[in-house]
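Here, each number is a calculation from the coordinates, and none is a lab measurement. Given the structure is predicted, the values throughout are model-derived calculations rather than measurements. When we count neighbours, we look across all protein chains shown, and the Cβ atoms used for this are built from the backbone with ideal geometry, even at glycine.
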Amino acid sequence: MAPRGESVNEEMRQRSRLRIMRATVELVDQHGYAGTTLGDIAECAGLARGLLSYYFESKRLLMQAATHRMMHLALSGALAELPDGSDPDARLARAIDAVLGLALDHPRVMRSHLALILDPDVGAFVKDPEQRQLGAILQDLLQAWGAADPAAEHAVLRSALMGGCIGLLLPGASVSLPPIRADLFFRYGLAWELGVPPQPVAPPRWQPPVRTAGVR
């Protein structure tokens, strides 16, 4: 039997990597991050436990990559549903809704992801290949929208989306989706009717907050 070519080997490696990330999201969705072991993930992915360390250095980095992939796929899928030639506002609105929607659809995954990247004792934010794909899409959207510095604005949007997800997921003090979405849409001058509105009419927070006279 002739040896497999490098392109075939690379394709097999990528398939295994994707299976591992899919299994991670599936299991963390069901059992949470602490309740999911690397052995569980390997079994769900149909791979030997030892192979996981070949693809990911740690459970934390695997969790980050798997979440970024989930976000990238959700964002790409949401944008693909728009008609060809949709204007930049419509595309940016759909992107914001797609990311915020993940916090509601996959709360355990998103809580785990945010907790890990915000904890300096377990590591730092890593720009893995999945995150770079996600960032590239958002920067392209912001450039089309008219951002003077798409890279800098992407950092701001990323932080705002993270903050929005935290607001939706904070145990015991969560905020409903409409006011969080309204703040983000107001920042980018997006009409409430774009994207996937959670309710027909924008909440009062759609308007800038009223300041007391004399306060600076």
Taking neighbour Cβ counts within 10 Å as the exposure measure, how do PHE125, PHE186, PHE56 sort from fewest upward? PHE125, PHE186, PHE56
Relative to the longest principal axis of the C-alpha atoms of the chain, give the angle of the C-alpha long axis of helix 6-31, reported between 0 and 90° and rounded to the nearest 10°. 60
When the convex hull of the C-alpha atoms of segment 62-111 is computed, what volume per residue in Å³ does it have? 65
Whole-Å semi-axes of the ellipsoid equivalent to segment 1-56 (Cα gyration tensor, √5λ, descending): 26, 10, 8
Karplus-derived HN-Hα couplings along segment 54-68 (A = 6.51, B = -1.76, C = 1.60, θ = phi - 60°), whole Hz, x at Gly and Pro: 5, 9, 9, 5, 7, 5, 4, 5, 5, 4, 5, 5, 5, 5, 4
Within the chain, helix-based [θ] at 222 nm, where runs of 4 or more DSSP H residues each add -39,500 (n - 2.57), nearest 500: -21000 deg cm²/dmol
Might you report the magnitude of the Cβ-based charge dipole of segment 1-157 about its Cα centre, with Lys and Arg at +1 and Asp and Glu at -1, to the nearest 20 debye? 600
What range in the chain is the longest one free of GluC sites (Glu not before Pro) that are in a loop by DSSP and have at most 16 other Cβ atoms within 10 angstrom? 82-192
Using only Cα atoms, locate the centre of segment 1-77 and the centre of segment 138-165, then give the distance between them in Å, rounded to an integer. 28
Estimated translational D of segment 1-113 in µm²/s (Stokes, Kirkwood radius over Cα pairs; 37 °C; 0.692 mPa s): 210
Mind listing the Cα extents of the chain along all three principal axes, in Å, largest one first? 78, 42, 31
